[in-house]
Amino acid sequence: MTKNRILLVTLMVAVTFVASATVAMAGPIVIKFSHVVAENTPKGQMANKFKELVDQRLAGKVEVEVFPNSQLFGDNKVLEAMLLGDVQLAAPSLSKFNKYTKSLQIFDLPFLFKNMDAVEKFQQGPVGQKLLMAPKSKGIIGLGYLHNGLKQLSASDPLRVPADAKHKKFRIMSSDVLAAQFEAIDAMPLKKPFSEVFTLLQTKAIDGQENSWSNIYSKKFFEVQPYITESNHGVLDYLVVTSLEFWMDLDEGLRTEIKKALDEAILFGNNIAGQKATDDRQKIIDSKRSEVIELTDAERQLWVDAMKPVWKQFEDEIGKDYIEAAVQSNN
Ligand code: SIN
């Protein structure tokens, strides 16, 4: 071998060594999963299940870190953080995508779905599947829907008919549809992060809020709200999202494995959501801290009549055909 050839071979060996050392040093891909709820909720349990599956199947290649209870990011910051690469997975409520797409507002329309079966049917149907990609032009993509459940109204005074809510302050998620829903009953909506709700209620800075049974129970809202009206007036579900950039940068095989684990975790979360709502509702009743008000058909109809005009207000932004498809899912 000539001197030059020896030098070239040595150089190639050195480059290969440095490259493999760099890969080894780079370590596993870290997926930070940030959410705002407690661990004993459908979302908390789904996130933990996802971590468990990835730990079992992709050890050394992918590492999942779960941050519950707004520990890493609150719901007003998490999507910005995702676009900056500071968090890779999140599952914000469908009501929190206002800045990224108007189409997802459909899920906030009051009294659109008669039950969670209808929600599931719509989400898995053609329009629901199309909506997964609604925020794509802003760099965010949906990987699946996760259920929590139907929303109830909690308050410091009993709410039986819409007039009982007049001039009362309600915390809402960052959704214009939800603002319009409360304005339709002459109440005052205030957009506030989830992490602030308990204190706002406790200090009586607001009079009430709307949420699912599991959130009302796990965040102890029922301890500072003497009345909960079982209104089932809307849905609180989630879009499990990642950034388009992170997702497309993954090696294809790994992406398939991660998606498989995520689908299984979502199915797990969706399977427990219904039972969790029933159990948490019962725990609240048993606590005797809060009275659960069941509406008569006539009382419920008054809420429907007062809130449903909101549909028309948002028909152009959301799309009439999408709303019709959602209505069809009730059949
Ligand atoms: C959540 O369930 O993620 C939070 C819902 C809310 O902000 O009320």
Item checked: Residue among Asp286, Asp251, Asp280, Asp263 that is in contact (Cβ under 8 Å) with a residue 60 or more places away in the chain, among the acidic types (Asp, Glu) and more than 13 Å from the ligand (Cβ to nearest atom) -> Asp263
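Restrict the check to region 67-86 and report whether at least one residue is within 30 Å of Thr278 (Cα to Cα) and among the basic types (Lys, Arg).
We begin by selecting, within region 67-86, every residue within 30 Å of Thr278 (Cα to Cα); these are 67-76, 78.
Imposing the further condition that a residue be among the basic types (Lys, Arg) reduces the set to none.
No, every residue in region 67-86 fails to be within 30 Å of Thr278 (Cα to Cα) and among the basic types (Lys, Arg).
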Item checked: Subset of region 155-200 [crowded, with 18+ Cβ neighbours inside 10 Å and within 11 Å of the ligand (Cβ to nearest atom)] -> Arg171, Ile172, Met173, Ser174, Ser175, Leu178, Lys192, Phe194, Val197
Next item on the list: Among the candidates Lys121, Lys151, Lys96, single out the residue that is within 16 Å of the ligand (Cβ to nearest atom), touching a Gly at 6+ places or on another chain (Cβ under 9 Å), under 16 Å from Gly234 (Cα atoms) and among the basic types (Lys, Arg).
Entry: Lys151
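For region 221-262, enumerate the residues that are of a type in the set (D, E, K, R) and surrounded by fewer than 16 Cβ atoms within 10 Å (Cβ to Cβ). Can you show your working first?
Here is the first cut: in region 221-262, the ones of a type in the set (D, E, K, R) are 223, 230, 237, 245, 249, 251-252, 255, 257, 259-260.
Residues satisfying the conditions are Glu230, Glu245, Asp249, Asp251, Glu252, Arg255, Lys259, Lys260.
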Check: Checking Val87 against (1) part of a helix (DSSP H, G or I); (2) among the β-branched types (Val, Ile, Thr); (3) in contact (Cβ under 8 Å) with a residue 12 or more places away in the chain, which single condition isn't satisfied?
Finding: (1)
Check: Under 6 Å by Cβ, and 6 or more places apart or on different chains, what pairs join a residue from region 30-46 that is free of Cβ contacts under 8 Å to residues at least 12 places away in the same chain with one that is in a loop (DSSP other than H, G, I, E, B) and away from the ligand (no atom under 12 Å from the Cβ)?
Finding: none
Check: Is there any pair with a first residue in region 48-75 that is among the acidic types (Asp, Glu) and a second that is surrounded by 15 or more Cβ atoms within 10 Å (Cβ to Cβ) whose Cβ atoms are under 6 Å apart and which are 6 or more apart or on different chains, and what are they?
Finding: Glu65/Lys32; Asp75/Val36; Asp75/Pro92; Asp75/Lys96; Asp75/Pro193; Asp75/Phe194
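Please find, within region 201-217, the residue that is farthest from Val292 (Cα to Cα) out of those that are buried (at least 19 other Cβ atoms within 10 Å of the Cβ) and more than 9 Å from the ligand (Cβ to nearest atom). Write out each step before concluding.
Taking region 201-217 first, the residues buried (at least 19 other Cβ atoms within 10 Å of the Cβ) are 201, 206-217.
If we keep only those that are more than 9 Å from the ligand (Cβ to nearest atom) as well, we get 201, 206-208, 213, 216-217.
Numbers: Leu201: 17, Ile206: 19, Asp207: 16, Gly208: 14, Trp213: 11, Ile216: 12, Tyr217: 13 Å.
Among residues in region 201-217 that are buried (at least 19 other Cβ atoms within 10 Å of the Cβ) and more than 9 Å from the ligand (Cβ to nearest atom), the one farthest from Val292 (Cα to Cα) is Ile206.
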Notebook entry, point to check: Just a yes or no: is a residue in region 64-81 within 10 Å of the ligand (Cβ to nearest atom), among the small types (Gly, Ala, Ser) and either under 27 Å from Leu150 (Cβ atoms) or outside any helix (DSSP H, G or I) (or both)?
Noted result: yes
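Which residues, taken from region 26-49, are over 21 Å from Glu80 (Cβ atoms) and either of a type in the set (A, V, I, L, M) or within 16 Å of the ligand (Cβ to nearest atom) (or both)? Talk me through it step by step, then tell me what you get.
Our first condition is that a residue be over 21 Å from Glu80 (Cβ atoms); within region 26-49, this holds for 26-29, 38-42, 44-46, 48-49.
Matches in region 26-49: Ala26, Ile29, Ala38, Glu39, Asn40, Thr41, Pro42, Gly44, Gln45, Met46, Asn48.
Values quoted throughout were computed directly from the atomic coordinates according to the rules given, and no laboratory measurement underlies them. Please read all numbers here as calculations on a predicted model, not as lab measurements. Glycine also receives a Cβ, built like all others from the backbone with ideal geometry; neighbour counts cover every protein chain displayed.
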